[in-house]
Each structure stands twice: as structure tokens, then as C-alpha cells.
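Please read the structure below before turning to the comments.
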Amino acid sequence: MCSEWQKTTLGEVFDVRDGTHDSPKYQDEGYPLITSKNLKNGSLSFEKVNFISKVDFEKINVRSEVHKGDILFAMIGTIGNPVLIIEEPVFAIKNVALFKVPKTQSGKFLKYYLESSFVTEKMSKEAKGATQKFVGLGYLRKFPISLPPIPEQQRIVAILDQAFADIEKARANAEKNLKNARELFDSYLNQVFSQRGEGWVETSLASIAENLDSRRVPITKSKRTKGEYPYYGASGIVDYVSDFIFDEDLLLISEDGANLLARTYPIAFSASGKYWVNNHAHVLRFKNGNQQKFIEYYLNSISLVPYISGMAQPKLNQKSLNNIPVPMADSVIVNEIVKKLNVLSNDIDELEVTYKNKLASLEELKKSLLQKAFSGELTKTEGHAA
């Protein structure tokens, strides 16, 4: 780090304040009250914001009015997530630190500094609170920072802006490739089950599968003994236990839960080996693996809303499950379809892994760039560490 960098504290350079300590009454509309949970990924989220009256808004803003160019910083929960305010705002804050950035400093530089691993790791380690971590205003004011001259700050910000823009482009491209692959799979899946050829018949689940729900045994979390065997619930593995009740390839189907409507996770999923199933997933046995996989693909491709009762507490009971009409063809056709779908599904799984690895690598690159930026390495020139 260059000797021109000034070692100081956040409070000596920036006007560091916080929001209200009170709990104003919430209402259906009015002025947004931004809390730590509304700071996400470098921007403000108004998705689950609470509203307060004009009186409370003006009362809070006597001490902590937010303006364009200020930086917000979460003081509780997931500490950090700094947000640079780029437009004149109209909201109040609670559980959020407010950094007033003087014209002699770069707000972008401060934001990047607050995102660096030095800050996040140090604050996470030193934060107080057993159940929910938090940092106080006094702590933030005394927190160390090294500031280069403004021209150097601007150089660092320009380099990081360009690098992060390139990283975001790479992330978007990877995400687009994964989305295209999923759309291709869904298109083929829809084609398979909508353009049925000669020899197809429509039947019901009850006529082609044996229901093993009576063998399910729920175990409350407090009574489970940890072990190596998967413990399945409505949306997949929820725990691992010391014993098993099934030792064969079976199809599990969600019986209840919000996922029946949200479809965040597959509703039908195969289980194999030794495992336990609770009473939140139906258990079906088929005559062979390809038939089972065929029905798994089919159930995950259609809407089950007509068979679900209770929109507040969605449930697919056994009677409704048994009556779901399903298409079926001879074994040669079924085997060929499953073979193709398996290949496509495996390709998507590989893309998913590649995408997640790409994201992890990009995040590590961002951390590395931030670390270099605030150690003076990012703008080193020959014979001079800027």
C-alpha cells in the first residue's frame, strides 16, 4: 500500500448515523421504512417493505434523512450489503447505518470498500449477538479505513466498475445458456406428451402403480437419530437417519405443501437404495424403472391444480393421486422416450453444475479484485505501488 494512503476511521471521514430505534406503527400505505432485510445484492428491495405514516417519517428523518450519494449499510442480521443511493429517495431507515459521503470523497470507493472481504469478515467475526448478529454505530465509526488520494480512488473505482460489468456479463451469458437448455428440455417434454402416436392409451396411476403409503412412518425431528440413510419429505431429502424402511427404487410424489402450487422443486422424484419416507410424500412402486421414470417426467410436466385441495394448505390426497389420468405406450416407445429424456436431463444437470461453478468462480474473482483494490495492488504501476 502506498504511503499516500491515509490510515483513518470511517467516523473521522464520513458522517455515520443510524435510523430509528423506535418501532413505528405499520400501515397499508404511506412512506417505506427500509430495514436491513431490504438491502440485497447492492440495491434496495421494496418487495417486502413496511409503510409508516408521514408523522413517523418526518420524525425519523430529523436525525437520519437519506439523500442521493449516501450509502446504506445493514447493521443487523446479514451485516453489510452496502447500497449507494443514486436517486433522491423518499423513505426512512431502521437497523440501517447511514454514511453521509462528503464531496471530497468517492461514494463508490466507500461502497466497494464496505463490500470487501476485509470488512465483511472482520465485522462478522467482531459482531455481537448470539441469535442475531449486529454491529453498533460506535463500532462503525471506529472501524479502520485507508484512503488514497481522490484521483487514486477514481482509478480504482473505474477498474472495478469495468471488471464487475464484465463479470456480470459472463454471469448473464451462463444463466442464458442454462435457461435455453431448460426451455429445450421443456419443449421436448411437451412434444412427447402432447403429440402421442399410435398405440398410446390413457390410464390412471392406480392402474399401473402400487401405492405403498401405508408403509410410511413419520418421525418428529426431536426423535430422529442421526445416521446415513436419507429421510424424505414432500420435496426431497430433509434429513439423514440411522435406519431405513425402504430398500428399492420407488417414485415419491409430494402429498402436501406450498411446492404443489409453487413448483420450486420437482413434485415427483425417484428414490433408490435404503431410505426412510415420512407421511408428506406418496410412495409408488412400478413394474420397471423405465415406466417409473416415464411417469416421473410426465407428472413434473403437467399442472396438478385440478387434483389439489386447499389452496392455503395445498394437499394432494391419495384418492386424487390415484385418479390422475396418465398416458402410456408400449415398452419399446416408453424406453426410447425415457432414454432421450435422460440424456437431455443429464446435459442440463451438467450445465447446472457448470453454471454454479461459474458463479462461484466469478464471486471469488470479485473478492480477489476487492482485496487487491484495498491493499493497493490493483493500480500498481512499474516502480510505484499506487
Problem - Net +/- balance of residues flanking THR35 in space, Cβ distance below 10 Å, scoring K and R +1, D and E -1 - result: +3
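Work through the residues other than GLY257 whose Cβ is under 12 Å from its Cβ and net out their charges, Lys, Arg +1 and Asp, Glu -1.
Numbers: positive: ARG263, LYS315; negative: GLU255, ASP256.
Overall, the nearby charge balance is 0.
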Exercise for the section: Determine the dipole magnitude for segment 228-334: charges of +1 sit on the beta-carbon of Lys and Arg, -1 on that of Asp and Glu, nothing else is charged, the reference point is the Cα centre, and the result goes in debye to the nearest 20. Expected result: 380
Practice task
For segment 32-72, run through the chymotrypsin sites (Phe, Trp or Tyr not before Pro) and keep only the ones in DSSP coil with at most 11 other Cβ atoms within 10 Å of their Cβ.
Solution key: PHE46
Fill in the blank from the handout: Summing -39500 (n - 2.57) over every DSSP H run of at least 4 residues in the chain and dividing by its residue count gives a helix-only mean residue ellipticity at 222 nm, to the nearest 500 deg cm²/dmol, of -13000 deg cm²/dmol
Completion exercise
Listed residues VAL326, VAL238, VAL83; largest mean-square fluctuation, Gaussian network over the chain with Cα springs below 10 Å, found at VAL238
Exercise for the section: Please give, to one decimal in nm, the separation of the simple spin-label points placed at VAL62 and THR225, each 7 Å out from Cα toward the Cβ. Expected result: 6.3
Completion exercise
If exposed means GluC sites (Glu not before Pro) lying in a DSSP loop and surrounded by at most 10 other beta carbons within 10 Å, then the longest stretch of the chain lacking such sites spans residues 199-381
Practice task
Go through segment 290-386 and name the trypsin sites (Lys or Arg not before Pro) that are in a DSSP coil and have 10 or fewer other Cβ atoms within 10 Å of their Cβ.
Solution key: none
Practice task
Measure off 7 Å from each Cα along the Cα-to-Cβ vector at ILE237 and ARG263, then give the distance between these two points in nanometres to one decimal.
Solution key: 2.6
Practice task
Taking a cut-off of 18 Å between Cα atoms, list the aspartates and glutamates near LYS59, but don't count ones fewer than 8 places away on the same chain.
Solution key: ASP18, ASP22, GLU29
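Report, in listed order, any pair from LYS111/LYS133; LYS111/LYS169; LYS103/LYS169 with a Cα-Cα distance greater than 28 Å.
On the way: LYS111/LYS133 21 Å; LYS111/LYS169 21 Å; LYS103/LYS169 31 Å.
From the list (LYS111/LYS133; LYS111/LYS169; LYS103/LYS169), the Cα-Cα distance tops 28 Å for LYS103/LYS169.
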Fill in the blank from the handout: Taking Cα atoms, the helix 54-64 axis meets the longest principal axis of the chain at an angle in degrees (rounded to 10) of 50
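Using a ≥ b ≥ c from the Cα gyration tensor of segment 155-228 (square roots of the eigenvalues), is it rounded, prolate or oblate, where a/c under 1.5 gives rounded and otherwise the larger of a/b and b/c decides, a/b for prolate?
Values: a/c = 7.13, a/b = 1.48, b/c = 4.81.
Oblate is the answer for segment 155-228, as a/c is 1.5 or above yet b/c matches or exceeds a/b.
Report, for the chain, the % of DSSP beta bridges that are antiparallel, rounded to 5. Write out the running numbers ahead of the final one.
Working: 48 of 53 bridges.
Taking every DSSP beta bridge with both residues in the chain, the antiparallel ones total about 90 percent.
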Problem - Label-to-label distance, nm, for residues given as SER45 and SER375 (7 Å Cα→Cβ offset) - result: 3.2
Handout entry: Cβ-Cβ FRET estimate between LYS287 and SER214, R0 fixed at 22 Å, reported to 0.05
Key = 0.65
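Can you pull the percent of the chain's accessible area that's carbon plus sulfur, 1.4 Å probe, other chains left in place? If you can, show how the numbers build up before the last one.
Numbers: 10560 of 21160 Å².
Summing carbon and sulfur atoms, their accessible area is 50 percent of the total for the chain.
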Practice task
Take the alpha carbon gyration tensor of segment 202-338, find the square roots of its eigenvalues, order them as a ≥ b ≥ c, and report rounded if a/c is under 1.5; if not, report prolate when a/b exceeds b/c, else oblate.
Solution key: oblate
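Can you tell me how the chain classifies by the Cα gyration tensor, rounded, prolate or oblate, using a/c under 1.5 as the rounded cut?
Values: a/c = 2.56, a/b = 2.00, b/c = 1.28.
Here the chain falls in the prolate category.
Considering only DSSP states other than H, G, I, E and B, which chymotrypsin sites (Phe, Trp or Tyr not before Pro) in segment 179-225 qualify as loop sites with at most 15 other Cβ atoms within 10 Å? If you can, show how the numbers build up before the last one.
Values: sites: PHE185, TYR188, PHE193, TRP200; in loops: TRP200.
Sites meeting the loop and neighbour criteria: TRP200.
Return the FRET efficiency for the residue pair THR9, LEU359: r is the Cβ-Cβ distance, R0 is 35 Å, and the value is rounded to the nearest 0.05.
Values: r = 34 Å, r/R0 = 0.98.
The formula returns an efficiency of 0.55 here.
The values are calculated or read from the model by the stated rules, or taken from the named source; none is laboratory data. Since the structure is predicted, the reported quantities are computational estimates derived from the model, not experimental observations. For neighbour counting, all protein chains shown are included, and Cβ atoms are generated from backbone atoms with ideal geometry for every residue, glycine included. Note: accessible area is taken over every heavy atom of the protein model, side chains too, but ligands, DNA and RNA are not part of it. Shrake-Rupley method; radii C 1.70, N 1.55, O 1.52, S 1.80 Å.
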